[in-house]
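The values are calculated or read from the model by the stated rules, or taken from the named source; none is laboratory data. This one's a predicted model, so the numbers in the text were calculated from it and none came from an experiment. No Cβ is skipped: glycine too gets one built from the backbone with ideal geometry, and neighbour counts run over all protein chains shown. Side chains are part of the model used for accessible areas, which takes the heavy atoms of the whole protein and leaves out ligands, DNA and RNA. Shrake-Rupley method; radii C 1.70, N 1.55, O 1.52, S 1.80 Å.
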Amino acid sequence: ADPAYAKPVAPLAVFRKGKPNGSSQPLPFRYTISLRLPSPLKEGATYAIRFHGVNTAKETVAYTHLPRTVRSLAIHAIQTGYRPDDPYKRAYLSFWMGVDAEGKHGSCTHTPGAFELLDAAGRTVFTGKPELAKAGGAEEQISIHEKADYTKAAVHRLDFSDFKTPGEYRVFVPGVGVSGAFRLARDVWEQPFRAAMLGIFTQRQGIELGPPATAYRRART
């Protein structure tokens, strides 16, 4: 149990963001609700989250805070994976919470002291120190576009470039959660390369398309 939440406690702020989740009409949306809490959650404790005035399937949901096993939307690692000899192997810690009822942006400003690389069995195989890549509120220059705060949040680099042992891993930030699983292997770039080349090939206009080169069939234009 967590003494800080022994009695019902309202969040300090509630944020929401949505994205289209289909193509029917009216257009369906999937929403992410983020809560800014008065105190950190206790690892291993279970909490009841009760919704008031929100049209959700359940009025109350249970959440057990196990950051070493719970996937976090704030930890971004490339799902293609990495070759052991790739010169840069980095994940990022960043989370835009959305906007509150007044349209004010919220972000996760957690600044961890360290991060870990976990193997498939959940064992720590690498420990590193996060590096601030972009401060909260700072503007960025992207291509020819004007400078703006595109992420609406601070961004930390989680660099494990020196780690080269093949296997399946997840990035873990204590108190936050883990990334999706990814591989370190020599063949990780083969599937994306084949997909990209197939896409380019099937856009050619002057030839007939079909097996054995591609399952997509199209007569010569």
Segments 19-32, 148-161 sorted - mean Cβ within 10 Å per residue, highest first
148-161, 19-32
Using a 1.4 angstrom probe on heavy atoms only, work out the carbon and sulfur share of the accessible area of the chain in %.
54
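Please state the shape class of region 42-138: rounded when a/c is under 1.5, otherwise prolate if a/b exceeds b/c and oblate if not, all from the C-alpha gyration tensor. It would help to have the intermediate numbers written out before the result.
On the way: a/c = 2.30, a/b = 1.46, b/c = 1.58.
Note, shape of region 42-138 comes out oblate.
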Given axes a ≥ b ≥ c from the Cα gyration tensor, I'd like to know whether region 117-221 is rounded (a/c under 1.5), prolate (a/b larger than b/c) or oblate.
oblate
In what sequence, highest mean first, do 169-177, 131-139 appear when ranked by Cβ atoms within 10 angstrom?
169-177, 131-139
Accessible solvent surface per residue of region 1-147, calculated while the other protein chains remain in place, 1.4 angstrom probe, Å²
69
Between rounded, prolate and oblate, where does region 1-96 land on the alpha carbon gyration tensor, with a ≥ b ≥ c its root eigenvalues, rounded for a/c under 1.5, else prolate if a/b exceeds b/c?
oblate
Which entries of Lys17/Lys152; Lys19/Lys134; Lys129/Lys152; Lys17/Lys42 show an alpha-carbon separation above 20 angstrom in the structure shown?
Lys19/Lys134; Lys129/Lys152; Lys17/Lys42
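With charges set only on the Cβ (+1 for Lys and Arg, -1 for Asp and Glu), what does the dipole of the chain come to about its Cα centre, in debye to the nearest 20?
On the way: 30 positive and 20 negative charges, 114 e Å.
Dipole size: approximately 540 debye.
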In square angstrom, rounded to the nearest 10, how much accessible surface does Lys147 have for a 1.4 Å probe?
130
For the chain, build the charge dipole from Cβ charges (+1 Lys, Arg; -1 Asp, Glu) around the Cα centre, then report which of Gly137, Phe115, Trp96 sits farthest towards its positive end.
Trp96
Answer label for log10 I(q)/I(0) by the Debye sum over Cα atoms at q = 0.08, 0.09, 0.10, 0.14 Å⁻¹ (calculated), chosen among [x] -0.43, -0.54, -0.65, -1.09; [y] -0.29, -0.37, -0.46, -0.89; [z] -0.33, -0.41, -0.51, -0.92
[x]
Spatial separation of Cα centroids for region 140-170 and region 191-221, in angstrom
33
Would you mind putting 48-61, 65-78 in packing order, based on average other-beta-carbon counts within 10 Å, highest first?
65-78, 48-61
